[in-house]
Amino acid sequence: MNFEQFCFEPGIVAGIRSAGYTTPTPIQEKAIPLVLAGRDVLGLAQTGTGKTAVFVLPLLQRIAKGPSRQTRALIVAPTRELAEQIHQTIIDLGKGMRVKSVSIYGGVSKGPQASALRRGVEIVVACPGRLLDHIGDGGVDLSHVEVLVLDEADRMCDMGFLPDIRLILKHLPVKRQTLFFSATMPADIRHLADSILKN
Ligand code: AMP
């Protein structure tokens with residue numbers, strides 16, 4: 001089993017090679033084909049399993065075609081460290097492409113984030129609170145989002161972000177692909193997953 005079977009664009013293949021990935025991890029092998037097929041996916045996966053590439057690689061494949069400089073994917077993560085890590089994975093795997101991504105989180109100035117959003121990006125990686133701030137300012141347009149990723153959903157729930165996530169959902173198109181990752185599946189997370197995963 002190798003990455004060739006997924007038929008990624010040459011720019012993505014170059015990114016995979018330069019990241020040093022040769023064999024897909026078990027979750028990549030199972031989930032990447034489903035994500036590429038446009039299905040919603042519920043992934044029970046911890047950090048270290050290779051779950052980030054499960055959504056980043058198909059996102060890059062999707063974004064290689066279609067309009068640029070409009071927000072087509074939103075990735076929501078609980079902490080700035082995780083948001084930065086995902087943003088860095090997008091840069092690393094997407095370096096053979098023209099994709100633009102921005103990470104949005106609190107505790108730092110809003111200005112540079114707002115400027116990047118104004119210039120236009122295809123992927124927004126955000127923590128819930130600061131994303132809602134930018135939404136409140138009218139600084140981010142989520143009406144063209146094709147894919148929503150919720151990463152470490154159980155941690156977001158533990159940190160009290162569930163109401164923020166429900167608010168963010170109201171700004172997204174109903175017709176979209178949703179990818180949901182969680183290390184554990186307590187009842188409230190199961191309920192959230194059931195309510196937002198359709199396909
Ligand atoms: P993640 O679980 O997404 O946080 O990934 C954990 C680590 O595994 C990261 O450092 C990735 O760069 C690395 N990684 C992800 N997929 C692969 C792969 N197929 N082969 C080798 N390393 C990988």
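The values are calculated or read from the model by the stated rules, or taken from the named source; none is laboratory data. Keep in mind it's a predicted model, so treat the numbers as computed, not measured. Don't worry about glycine lacking a Cβ; one is built from the backbone with ideal geometry, like all the others, and counts go over all protein chains shown. SASA here: full protein model, heavy atoms, side chains in, ligands and nucleic acids out. Shrake-Rupley method; radii C 1.70, N 1.55, O 1.52, S 1.80 Å.
Could you identify the single residue in ARG69, ARG17 that is at pLDDT below 95 and either more than 16 Å from the ligand (Cβ to nearest atom) or open to solvent by 70 Å² or more (accessible area, probe 1.4 Å) (or both)?
The match here is ARG69.
Could you list all residues from region 14-50 that are touching a residue at least 40 places away in the same chain (Cβ under 8 Å) and over 25 Å from ASP154 (Cα atoms)?
Residues satisfying the conditions are ALA14, GLY15, ILE16, SER18, ALA19.
Within region 171-199, how many residues turn out to be within 18 Å of the chain's Cα centre (by Cα), open to solvent by 50 Å² or more (accessible area, probe 1.4 Å) and in contact (Cβ under 8 Å) with a residue 12 or more places away in the chain?
The qualifying residues number 3.
Go through (1) open to solvent by 30 Å² or more (accessible area, probe 1.4 Å); (2) within 16 Å of the ligand (Cβ to nearest atom); (3) at pLDDT 95 or above one by one and return the number of the condition LEU150 breaks.
That leaves (1) as the condition not met.
Looking only at region 47-66, count how many residues are of a type outside the set (Gly, Ala, Ser) and within 11 Å of the ligand (Cβ to nearest atom).
8
Mind counting the residues in region 117-147 that are aliphatic (A, V, I, L, M) and assigned to a helix (DSSP H, G or I)?
4
Would you check if there is a residue in region 181-188 being of a type in the set (Phe, Trp, Tyr) and not in a strand (DSSP E or B)?
Scanning region 181-188 turns up no residue that is of a type in the set (Phe, Trp, Tyr) and not in a strand (DSSP E or B).
Residues to consider are ALA193, ALA126; find the one that is touching a Ser or Thr at 6+ places or on another chain (Cβ under 8 Å), hydrophobic (A, V, I, L, M, F, W, C) and within 29 Å of MET97 (Cβ to Cβ).
Only one candidate passes the filter, namely ALA126.
Where in region 1-116 are there helices (runs of 4 or more DSSP H), lying fully within it, with 1 or more residues that are aromatic (Phe, Trp, Tyr)?
51-63
In region 18-69, which residues are in contact with an Asp or Glu (Cβ under 7 Å, 6 or more places away or on another chain) and among the small types (Gly, Ala, Ser)?
ALA19, ALA64, SER68
So which of LEU117, LEU93 ends up being surrounded by 15 or more Cβ atoms within 10 Å (Cβ to Cβ), away from the ligand (no atom under 16 Å from the Cβ) and touching a residue at least 12 places away in the same chain (Cβ under 8 Å)?
Being surrounded by 15 or more Cβ atoms within 10 Å (Cβ to Cβ), away from the ligand (no atom under 16 Å from the Cβ) and touching a residue at least 12 places away in the same chain (Cβ under 8 Å) holds for just one of LEU117, LEU93, which is LEU117.
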